[in-house]
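Contents: one structure, followed by commentary.
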Amino acid sequence: MESNKSTLAAAVIAALELRYPDAVCALHWDEDPWRLLVMGRLSAQCTDARVNIVCETLFARFPTCEAMANAPIEEIEAIVKPCGLYRTKAANLKDSAIMLRDEYGGVLPSDMDELLRFPGVGRKIANLLRGDVFGLPAVVADTHCIRICGRLGFYPETLKDPVKVEHTLAAIIPPEKQSDFCHRIVQFGRDICTARAPQCGACELSGVCAHHNQA
């Protein structure tokens, strides 16, 4: 069974690499680890496109963790309000900035347990940071990834637990492919395998897709 899943993974990876030669993070973080931490937190229940727009203003006003650590919370709230849950997110951003400044000297740690200490950071954001910033093996189990990999047949479609999805995929996707795979699957979920109306007729994975072949 494990070898079958690994074979499926290899086929999916190859197809996505052909469709999307460049695996690009949808968040415009400009290679600044602090910015990716901020944007990852703001992206919860918000589109990446909106986060990118909001962060143009946010980073123009507070370009560093030091600046955000010293920022009036009300000002952060006003800027991030379009991202939803703005009071919680603003508090998380300010508290994270203070932690990064005071405990880590402004240098983001790569260790999973250390990243999970930051307010509002769960495994999804931590894996995004580990993969994009540090080049480490990392499966970002976001909604696109969970939906599409369930449809493909890596696990039952009823499985929605991000941690179980992460560990399942980490066992069958080669470590060096994991981060790029997740970026490609997000784009694929927006272009083809959408939540409400997947375009199976335009999908090169329909031949190996459990959902399509059971329909």
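Computed values, structure above
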| item | result |
| --- | --- |
| Matching residues in region 170-215 - criterion: being touching a residue at least 60 places away in the same chain (Cβ under 8 Å) and among the aliphatic types (A, V, I, L, M) | Ala171, Ile172, Ile173, Ile185, Val186, Leu205, Val208 |
| Helices (runs of 4 or more DSSP H) wholly inside region 9-87 that include at least 3 residues being among the aliphatic types (A, V, I, L, M) and buried (at least 17 other Cβ atoms within 10 Å of the Cβ) | 33-42, 48-61, 73-80 |
| Qualifying residues in region 149-163 (those that are assigned to a helix (DSSP H, G or I) and under 16 Å from the mean Cα position of the chain (by Cα)) - the one surrounded by the most Cβ atoms within 10 Å (Cβ to Cβ) | Cys149 |
| Selection within region 171-187 - among the aliphatic types (A, V, I, L, M), surrounded by 16 or more Cβ atoms within 10 Å (Cβ to Cβ) and out of contact with any Phe, Trp or Tyr (no Cβ under 9 Å at 6 or more places or on another chain) | Ile185, Val186 |
| Residue list for region 122-167, restricted to those being more than 19 Å from Ala210 (Cβ to Cβ) and touching a Lys or Arg at 6+ places or on another chain (Cβ under 7 Å) | Ile125, Leu136, Ala138, Val140, Asp142, Pro162, Val163, Glu166 |
| Conditions (1) farther than 21 Å from Val38 by Cβ; (2) not in a helix (DSSP H, G or I); number of the one not met by Gly120 | (1) |
| Qualifying residue in region 61-80 (condition: under 25 Å from Ala202 (Cα atoms) and among the charged types (D, E, K, R)) | no |
| Failed item, numbered, when Ala195 is tested on (1) surrounded by fewer than 18 Cβ atoms within 10 Å (Cβ to Cβ); (2) at pLDDT 95 or above | (2) |
| Single match in Ile172, Ile185 (criterion: in the same structural domain as Gly153 (by TED's automatic domain parsing) and either polar (S, T, N, Q) or under 17 Å from the mean Cα position of the chain (by Cα) (or both)) | Ile185 |
| Sole residue being assigned by TED's automatic domain parsing to the domain that holds Ile53 and either more than 30 Å from Ala15 (Cα to Cα) or surrounded by fewer than 19 Cβ atoms within 10 Å (Cβ to Cβ) (or both), chosen from Arg117, Arg190 | Arg117 |
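The values are calculated or read from the model by the stated rules, or taken from the named source; none is laboratory data. Computed from a prediction, not measured in an experiment: that's the story for all the values here. Glycine also receives a Cβ, built like all others from the backbone with ideal geometry; neighbour counts cover every protein chain displayed.
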